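See below for the structure under consideration.
Quick note: the coordinates plus some simple rules give every number you see, no bench work behind them. It should be emphasised that the depicted structure is a prediction, and the values quoted were computed from it without experimental measurement. Note that each Cβ is placed from the backbone with ideal geometry, even for glycine, and that neighbours are counted across all protein chains shown.
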């Protein structure tokens, strides 16, 4: 590995994460950022293959939990945004006032999302009578249709999802996969008979996130967002955050419980078995290409990417050595490829007419989990040379190679999980507190690039004091409580509520 300040093959050292990350996504040919619209990258084949495999993980979970895939239109008429803005504004005002939303009237000038969307005002040369916008998410178009589809309790639960591009007018600094204007987006929307059905759905969403992040070898912090960071249209929001190597947290999944608040606005009701009309309860669950950004950031090193086997476009690279000198080499490589492919292992033969060292570098940069070299001497001994991207090289028997490779792929995944957990552990530290009363102390003790864990059970004012003291953002109450009571870092009240403060992307 290159030392601090030294670039290897054009890659800055990962210790300089803010330079390493944007460089590696292009050097590894995941995207090309030269498209002339800021925040709209061109997906390159290798990056798109990786993203498609992440989508497959999501589709697997959707199939397992009986969600159906839909595809809704890209364009949304302005009146639906106005309807959403009115609802969101009323819910936010009710929350701020601490009263039931039904007691609030719609604001005359709703706050909302008009400044965040891309507008379409003309069709050809004709000005549209009703302006449209490119979807930022799909609550309004989907719920408009849901109200037509749901009639009775027999239609519920309705569990839908789509994987589409969404668009947001991002004004902050863009960063591939992490903060973009055209977003590769997964969204699931569900409709239920009552709050219990929606409660159960949130638990199911959480389990799906755990399974997907396990396959991506990513540890996460799951928190119930504080009220001021909850989507204004939600009753509550939960989110999964991955701690990146620079100590910043990256939100990779969110799930919202809407209760019946959106249903009332969109006339989404059903006839119950007793003939009465009732409002539906709803949830949403969203993820995006940020998952790929987290994979890149967490697992890469000074030499390039390290792709988890679950989403590596090619899990095994077969490299014929000196094939020109022995016809058996190409034949054996083809036979191995057929065996691996038949076993469901994604395999690519790199038979380019370049030196082996070039091939090694290329696939090291792209993070292929396993490289297999086969030359004349290997064939004579019935062996092949296997190198793991996580480190280590061995001679393995060509006979039974599929079973061997499958076990080695599992070992690569376990190595990545262990490394990620160790990195996570090194970046998450207890908040410095006064040993006499357990309360947070001077911000002089706060280190850059660290996520701080703390006991916190305060109100909005306490949270504001905490954020001002640390200069960090409160993630919210963690799903995993503290093992023992500890004093709240601001109020001093004993609590088991585990929270984190961090710099967020």
For the pair residue 74 and residue 441, how long in nm is the line joining their label points, each one 7 Å along Cα→Cβ?
5.7
What is the ratio of the Cα radius of gyration of the chain to 2.2 N^0.38 Å, with N the residue count, to two decimals?
1.10
Return the FRET efficiency for the residue pair residue 322, residue 484: r is the Cβ-Cβ distance, R0 is 51 Å, and the value is rounded to the nearest 0.05.
0.20
How much of the DSSP beta bridge set in the chain is antiparallel, as a percent to the nearest 5?
80
So if we plug the beta-carbon distance of residue 468 and residue 274 into 1/(1 + (r/R0)^6) with R0 = 51 Å, what FRET efficiency do we get, rounded to 0.05?
0.45
Out of all DSSP beta bridges in the stretch 358-490, what portion is antiparallel? Express it as a percent rounded to 5.
75
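With r as the distance between the Cβ atoms of residue 29 and residue 228 and R0 = 45 Å, compute the FRET efficiency 1/(1 + (r/R0)^6) and round to 0.05.
Once rounded, the FRET efficiency stands at 0.65.
By counting other Cβ atoms within 10 Å of each Cβ, how are 172, 33 ranked from fewest to most?
Ranked by crowding around the Cβ, least crowded first: 172, 33.
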In degrees from 0 to 90, rounded to the nearest 10, what is the angle of the helix 78-97 Cα long axis to the longest principal axis of the chain?
70
Spin-label model distance (nm) - residue 264 vs residue 214, 7 Å beyond Cα toward Cβ
3.9
Note on the stretch 314-411: contact order normalised by length, alpha-carbon pairs under 8 Å, 6 or more apart, percent, works out to 32
Taking the chain as the reference, fit the longest principal axis to its C-alpha atoms, fit the long axis of helix 401-427 to the helix C-alpha atoms, and give the angle between the two in degrees, 0 to 90, nearest 10.
50
Ranked on Cβ counts within 10 Å of their own Cβ, fewest leading, 223, 89 go 89, 223
Kindly provide the helix-only [θ] at 222 nm of the chain, computed as the sum of -39,500 (n - 2.57) over DSSP H runs of four or more divided by all residues, to the nearest 500 deg cm²/dmol?
-11000 deg cm²/dmol
The stretch 265-293-the stretch 128-153 distance, computed between alpha-carbon centres (Å)
12
Just to confirm my numbers, what's the Cα centroid distance between the stretch 391-434 and the stretch 323-387 in Å?
23
Of all DSSP beta bridges having both residues in the stretch 314-411, the percent classed as antiparallel (nearest 5) is 55
So how much slack lies between residue 403 and residue 116, counting 0.36 nm per residue of separation and subtracting their Cα-Cα distance, in nm?
98.2 nm
Please report the relative contact order for the chain, taking Cα pairs under 8 Å with a sequence separation of at least 6, and give it as a percent rounded to a whole number.
13
Note the full-extension length gain between residue 334 and residue 170 as 0.36 nm times their separation in residues minus their Cα-Cα distance, in nm to one decimal.
54.3 nm
Let me have the relative contact order for the stretch 428-504, percent, based on Cα pairs under 8 Å that are six or more residues apart.
38
Potential lengthening between residue 380 and residue 66 on full extension [0.36 nm per residue; Cα-Cα distance subtracted]:
107.9 nm
To the nearest 10 degrees, how steep is helix 290-299 against the longest Cα principal axis of the chain, on a 0 to 90 scale?
40
